[in-house]
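For reference, the structure is listed below as structure tokens.
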Amino acid sequence: MSSKRFTKDHEWIEVAGDIGTVGISDYAQHALGDVVFVEVPDAGREIAKGGEAAVVESVKAASEVYSPVSGVVTAGNAAIVDQPGLVNEAAEGAAWFFKLKLANPVELDDLMDQAAYDAYLKTLE
Amino acid sequence: MSESHSDTPLLTVPLDALHRELGAKMVPFAGYAMPVQYPAGVLAEHLHTRSAAALFDVSHMGQAEIRGAKAVELLETLVPGDIQALGIGKTRYSVFTNDQGGILDDLMISKLADDHLFLVINAACKHADFAHLVKHLGGKVELRMIEDRSLLALQGPGAAVAMATLSPEAISMTFMTIAEITVAGIRVLATRSGYTGEDGWEISVANADAERLARAILGAPGVKPAGLGARDSLRLEAGLCLYGSDIDTTTTPVEASIAWIMSKRRKAEGGFPGAAVICKQLAEGAPRRRVGIQPDGKAPARAHTEITDEAGNRLGEICSGGFGPSAGGPVAMGYVPAAFAAIGTKLKLVVRGKAMDAHVCALPFVPHSYFKG
């Protein structure tokens, strides 16, 4: 059972202790197509919930990645900067975008769990 | 992808069912439902075109013909290209200009006979182009919009190998020639041309035969379908202009760096709309130029990205830009003042509020590979 939580903009966050790992969903990578460029935030950057945190570009378009919660970035994933195509292969795993220290864990309650997100995706079909 | 906001239902091309069978993602383009990509995706389709061969459906584009003793002479009153000097059986790239020297559309002109020209024009411009032809040439020549034919493009270094299995006569054609030939047993009008920078053919075929021809070509060795997404990244790497992005009514052929479409005679004689403006620019230089722009970093710079000098003064905008799969990184074209058009000139591109290093570079990004015989 996945402990991930999702936003309507197709970001996911998985929390261990007070550190959250953020990425884009498999649905999002599929919708984007071949990812060719990624920009991730540097450690130490303060990000508000819903704020622009990262950039993901496919051959055709650039998209912003928004932070599902507020916090301070502890790490950006250099692996996807070097190999953007990894986002297409492992969006909900190794191709996470950044980790952050949560400022306000209560914000997680606003997000969807896997079942709610799956139901949300059905409404988009 | 934005949806069409028009109330008019989308038109479908004769190969619509085949595209859907092949799993294409269909999107609105110039009023038509067109395949932007197949399940392989834009990146794979692009790379396959550069390494093997791909079949594109460009049936949304307009086809037209002009017949009459004065066809050549009269078409020259609308385009700056040298159609008199164009040999029978030859194809040439040109533009329709307006009185200000701006570009109404770009097109391919083929001479089937001294009194018979075949035109391929852009989908979004085709009705305006035809009205333009009727307005200026109507009554003096016979004009026909060809509505009953599809247009397929087979492109890539493997196109000739694939074509050899379907039409021995096609492979004796050279770049920018046109001929009525038989492909897979079907009579077609083919030009050895395309818009990817690769060898290949554009094939005009009766709608009734289009699917049979497409299936035969897709069945030839090495050929896979490719959509309009790959066609766009291929033509950008090839440094070729997309109407509406790189050229429009506000850009002259000189500014667009396509003055090579004019011969010495046409430059000297004029006699086409906007000739005064264009010939003055030829003599004195255009105030701005379309140039290749190489971002120094990895971030793609898309259309409308601001271009500045190193001090941050605005110079112009990117007109086409993105990731070049064969170039292996970002590629772009944009308009800059003449003083900044020299290859190697350092520029800044403002991407998401940040000024990124870039420089003016030679076009194309990927060398053209045409079959010149």
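The values are calculated or read from the model by the stated rules, or taken from the named source; none is laboratory data. None of the values given here were measured: they were computed from a predicted structure. All Cβ positions, even for glycine, are placed from backbone atoms using ideal geometry, and neighbour counts span all protein chains on display. In case anyone asks, the SASA skips ligands and DNA or RNA and just uses the protein heavy atoms, side chains included. Shrake-Rupley method; radii C 1.70, N 1.55, O 1.52, S 1.80 Å.
Here is the figure for region A:29-87: residues that are more than 13 Å from the chain's Cα centre (by Cα), within 13 Å of chain B (Cβ to nearest Cβ) and among the polar types (S, T, N, Q) total 2.
Is it the case that region B:336-348 has a residue that's open to solvent by less than 20 Å² (accessible area, probe 1.4 Å) and more than 14 Å from chain A (Cβ to nearest Cβ)?
Yes - at least one qualifying residue is present in region B:336-348.
Please work out which residue is farthest from the other protein chains (Cβ to nearest Cβ), limiting yourself to region B:45-88 and to residues that are open to solvent by less than 10 Å² (accessible area, probe 1.4 Å) and farther than 30 Å from B:L104 by Cα. Here the answer is B:A53. When residues in region B:286-324 are screened for being assigned to a loop (DSSP other than H, G, I, E, B) and either touching a Ser or Thr at 6+ places or on another chain (Cβ under 6 Å) or open to solvent by 40 Å² or more (accessible area, probe 1.4 Å) (or both), 11 of them pass.
The residue list A:G76, A:G20 contains one member that is open to solvent by less than 20 Å² (accessible area, probe 1.4 Å) and touching a residue at least 12 places away in the same chain (Cβ under 8 Å), which is A:G20. Looking only at region B:22-36, residues that are closer than 21 Å to B:E237 by Cβ and either over 18 Å from the mean Cα position of the chain (by Cα) or away from chain A (no Cβ under 12 Å) (or both) come to 3 in all.
Can B:L240 be described as part of a helix (DSSP H, G or I) and of a type outside the set (S, T, Y)?
no
It is to be established whether one or more residues within region B:30-44 are assigned by TED's automatic domain parsing to the domain that holds B:T177, among the aromatic types (F, W, Y) and open to solvent by less than 20 Å² (accessible area, probe 1.4 Å). Looking for residues that are assigned by TED's automatic domain parsing to the domain that holds B:T177, among the aromatic types (F, W, Y) and open to solvent by less than 20 Å² (accessible area, probe 1.4 Å), one finds at least one in region B:30-44, hence yes. Residues in region B:229-243 include none that are in contact (Cβ under 8 Å) with a residue 24 or more places away in the chain, surrounded by fewer than 21 Cβ atoms within 10 Å (Cβ to Cβ), among the hydroxyl-bearing types (S, T, Y) and out of contact with any Asp or Glu (no Cβ under 9 Å at 6 or more places or on another chain).
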